[in-house]
1. Would you mind calculating the relative contact order of the stretch 1-77 from Cα pairs under 8 angstrom and at least 6 residues apart, reporting the percent as a whole number?
2. Taking all protein chains together and a probe of 1.4 Å, list H22, H230, H69 from the most accessible to the least accessible.
3. Let me know the number of lysine pairs in the stretch 12-93 closer than 22 Å at the Cα, not counting same-chain pairs under 8 apart.
4. First check a/c for the stretch 278-378, with a ≥ b ≥ c the square roots of the eigenvalues of its C-alpha gyration tensor; if it is under 1.5, answer rounded, and if not, answer prolate when a/b is larger than b/c or oblate otherwise.
5. How long is the gain from E362 to Q342 if the chain were fully straight, where each residue apart is worth 0.36 nm and the alpha carbon distance is subtracted?
6. The stretch 206-237 to the stretch 1-45: how many Å between their Cα centroids?
7. Would you mind computing the Rg to Rh ratio of the stretch 1-130 from its alpha-carbon coordinates, Kirkwood style for Rh?
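The values are calculated or read from the model by the stated rules, or taken from the named source; none is laboratory data. In this text, all values refer to a predicted model and were calculated from it rather than measured experimentally. In case anyone asks, the SASA skips ligands and DNA or RNA and just uses the protein heavy atoms, side chains included. Shrake-Rupley method; radii C 1.70, N 1.55, O 1.52, S 1.80 Å.
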Amino acid sequence: MLLQRMQEAVQKRTFTKWINSHLAKHVPPLVMTDLFEDIKDGVMLLALLEVLSGQKLPCEQGKKLKRIHWVANIGTALKFLEGRKSAYRGSPIKLVNINSTDIVDGRPSIVLGLVWTIILYFQIEELTSSLPALHTLSSSISSLDSSTSSTEITSPPVKKKTLPPLQGGARKALLRWVQQTATKSLGLEVRDFGPSWRTGLAFFAVINALRPNLVDMERVWGRPNRENLHEAFLLAETELGIPQLLEPEDVDVEKPDEKSVMTYVAQFLKHLPERKQSGSEGQLQREQRKSLRELRMWLDQLERDTIQAQETEGSLAQQYQLFKSLRVQLEMRRKQVEGALQSTQRDGMLTVDQALVKQAWERISKRLLDWHLQLDRSLPAPLDTVGAWLHDAEEALRQEITIQQAHDITASTVHRALEQHKVIQGVIFTICIYKHSYHFLIIK
């Protein structure tokens, strides 16, 4: 029981750091301080899944959320996860004994189980399934713990052919990768993700396999465990950019927590040298990545131009003309962006370059929308009020209605939307004519 509590404490710290390393990419960035408390309302959980998947998920937000809204948010997250497919089995992800109310209640074992499933699916399984060298060895791998399901949206975009699943699952694949690429040549015996890592030497071996010039293996041999662990974690963070999810005291124990060690070690797979591909496939992938990066650079430049234009002094008519010019430039790229964001991965997820383009598009779109609202509010009365109302109406029309687990919430949402749309339809045509006529006059 004591060992279980200690391992749960380690998992809580490790998983919280892993989550925060991804929530830092959210717009705006978010920080989770207490895993068991901050996950209850489902807001941060949905934000995490958005970052990992590159997809927008419906979320009930606000300071006055009630338990029924928390349950609905968690239900949305669980339904999203159950709709994904395992990269190994090709079947839907199974959430065993995980339900919305247990997460809302903050039950430690259930919360940790859910986060572990996310880590397995979004990081460990996808990264290990893209190791072709291991697939050639799979026939000789004996059965071990089968486990897992995961996928990491931030992994390098690799267009892969469908491969047969490895025997033993992602845990076995990750362990075999460590053995074959890092520890075997140094005479280190790594049998698990627990005691074999206590000395810190296995971590150094992995770093050495990726960047041979960083580690003097003769120097670290025989040193105190915690000294090795501290230096290895620091080296991985400063030289490879791998977040320090573990503390030396978490690993320098009789039975280190395997899930925490696996979570940390799997991060190294994102730093593998790019594999050789067939000429045509490799060329196509390079062209796609180049095109996505150029598109992101263009969107970033348009955002800088917009910021500069907003700071430019001029009449209201001149400001409208600047806005219109930039908005037209963005719209001319809409079809290109939509085409670029078509997933090429087998699970329908976006690559990291696609996700960055999507974020850049959403950022500049929001900036232009906010600027448009600011300009409309600068119009003489009553057009300032009309402009603000039109923006609110357009926002209402854009909103999607999500089917929630609590059907009374869904029914109430639908009713409010219908009433709102009736009002909008009744007056929007007249106001649009009035507003655009005035715009025409001031621009003329």
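1. Averaging sequence separation for qualifying contacts and normalising by length gives 26 percent for the stretch 1-77.
2. Largest accessible area first, the list is H230, H69, H22.
3. Taking the Cα cut-off of 22 Å, the pair count is 14.
4. prolate
5. Difference between extended and current length: 5.6 nm.
6. Value for the Cα centre distance between the two parts: 27 Å.
7. Rg/Rh for the stretch 1-130 comes to 0.95.
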